[in-house]
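One structure is given below, encoded as structure tokens.
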Amino acid sequence: MNKRSNIIAVALVLFCAGIAGAQEFPIMDMIADKVIQKYQGMTCEQLWQQKSQPKPQMEQNLIQMLRNNPQMRTEFINRVAPTIVNKMFECGMVP
């Protein structure tokens, strides 16, 4: 019974830590969700065109904010990387 209590306690702590981490950067969460939706809805042709265009000022500001905050950068990349890399793979942009 004691082992079971320990397992439940550890699971609860991990669950709460996950919720706290997700709420630490609410604006970043919203932006990450928009980036994910954008990449999911893009065609390969649109992705290739976007790659050749200069980045809008808002995107440049986001990049600077992520450069200045390594913890936020890690959270953002962990959220958006799977979607972006999968789309790039589908479009032949990564080997």
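One table, with the values for the structure above:
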{"read-out": "Backbone HN-Hα couplings from phi across region 37-49 [Karplus 6.51/-1.76/1.60, Hz, Gly and Pro as x]", "value": "4, 4, 5, 5, x, 7, 8, 4, 4, 5, 5, 5, 5"}
{"read-out": "Region 25-90, relative contact order in percent, only Cα pairs under 8 angstrom and at least six apart counted", "value": "62"}
{"read-out": "Counted charge near Ile84, where neighbours are those whose Cβ lies closer than 12 Å (Asp, Glu -1; Lys, Arg +1)", "value": "+3"}
{"read-out": "Pairwise FRET efficiency - Gln50 versus Asp29, Cβ, R0 = 22 Å, nearest 0.05", "value": "0.45"}
{"read-out": "Estimated inter-spin distance, Gln71 and Met58, nm [label 7 Å along Cα→Cβ]", "value": "2.7"}
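Bear in mind these aren't lab numbers, they're just calculated from the coordinates by the rules spelled out. For clarity, every value in this text was computed on a predicted model and none was experimentally measured. As a convention, Cβ positions derive from the backbone with ideal geometry for all residues, glycine included, and neighbour counts pool all protein chains shown.
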